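The values are calculated or read from the model by the stated rules, or taken from the named source; none is laboratory data. All of these numbers come straight from a predicted model, not from anything done at the bench. Cβ sites come from the backbone with ideal geometry, for glycine too, and all protein chains shown count toward neighbours.
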């Protein structure tokens, strides 16, 4: 588990997921603030890649089909606008055009993946028609998008963490790691739904078991730290927020572990994943925003 964590380091409603970035409480440099936002937004893109696949699956499964349709459209729109913001800049969220060439090239690669992914999504977006076969294709394309987006986030964290004196690399990597937790909530919910729909059941059970373990392990690392790799919760506010995440995670974790073990999925468990997992996402999203404010003030 630790090797995976170290290697990977190299929201409910749309209004919550879009995260109005709060003004930091310290006098950090503009460059460090922008760097943290870039890492945060890039990390959110990973989550959205899996949220989209999850929503496509829940179109025909679970208690809130109408909500899944809205969630799908909102997530697609937010991914698109965020990708353009990362490339071209957006003064409304306080970032300029990406000038670092390696990061820009990585984002252009993501843009190509995004075009392929959205092509597979058209039937779901137009009429909600998603067959199990189509879900398998959407999932595969979404996982490719996730892989390339993850590389982009890691590159962004390292580039900006290495060059900005008031953005310590370990903080940049910790923001990256905290942001990845948002993705795990959606990836786990998606895998749960795919099992429920009979799509690559054994493979998704294995994936779900790992995803659930990764979320729990990473949450512990964020709380307690990991020497040289992950910063322990840097203040009481973040420490308390991570405790809220842990408490909210209890119910979904039990449902996910049951599905991964091969037990029949119940309506109660579907409700937990469709609703309670959203609270985990919201709380984790708030935690990532708090890490932005933890950038040290320049000397």
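Miscellaneous remarks
- Among the residues here, residue 248 does not qualify as modelled with pLDDT of 95 or more, part of a helix (DSSP H, G or I), touching a helix residue (DSSP H, G or I) at 6+ places or on another chain (Cβ under 6 Å) and under 12 Å from residue 188 (Cβ atoms).
- Condition broken by residue 228, with the remaining ones in (1) within 13 Å of residue 288 (Cα to Cα); (2) not in a helix (DSSP H, G or I) satisfied: (1)
- Of the listed requirements (1) surrounded by 17 or more Cβ atoms within 10 Å (Cβ to Cβ); (2) in a helix (DSSP H, G or I); (3) over 17 Å from the mean Cα position of the chain (by Cα), residue 211 misses just one: (3).
- Test: residue in segment 69-77 that is over 22 Å from residue 134 (Cα atoms), modelled with pLDDT of 90 or more and surrounded by 14 or more Cβ atoms within 10 Å (Cβ to Cβ): no
- Residue 233 meets each of the listed conditions (1) surrounded by fewer than 24 Cβ atoms within 10 Å (Cβ to Cβ); (2) within 20 Å of the chain's Cα centre (by Cα); (3) modelled with pLDDT under 95; (4) in a helix (DSSP H, G or I) apart from (4).
- Lone qualifier among 255, 287 - being crowded, with 21+ Cβ neighbours inside 10 Å, closer than 27 Å to residue 52 by Cβ and over 19 Å from the mean Cα position of the chain (by Cα): 255
- Output for segment 96-120, where each listed residue is under 14 Å from residue 53 (Cβ atoms), under 19 Å from the mean Cα position of the chain (by Cα) and crowded, with 18+ Cβ neighbours inside 10 Å: 113, 114, 117
- For beta carbons closer than 6 Å, sequence separation of 6+ or different chains, a first residue in segment 121-137 that is at positive phi and surrounded by 14 or more Cβ atoms within 10 Å (Cβ to Cβ) and a second that is modelled with pLDDT of 80 or more and not in a helix (DSSP H, G or I), the qualifying pairs are 128/59.
- Condition met for residue 98 (modelled with pLDDT of 95 or more and within 25 Å of residue 154 (Cβ to Cβ)): no
- Every condition in (1) part of a helix (DSSP H, G or I); (2) surrounded by fewer than 20 Cβ atoms within 10 Å (Cβ to Cβ) is met by residue 278 except one, and the failing one is (2).
- Among the candidates 178, 157, 189, residue that is at pLDDT 85 or above, over 16 Å from residue 225 (Cα atoms) and not in a loop (DSSP other than H, G, I, E, B): 189
Okay, residues lined up against (1) more than 21 Å from residue 196 (Cα to Cα); (2) touching a strand residue (DSSP E or B) at 6+ places or on another chain (Cβ under 6 Å); (3) in a helix (DSSP H, G or I); (4) at pLDDT below 90:
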site	(1), (2), (3), (4)
6	yes, no, yes, yes
16	yes, no, yes, yes
24	yes, no, no, yes
43	yes, no, yes, yes
55	no, no, yes, no
61	no, no, no, yes
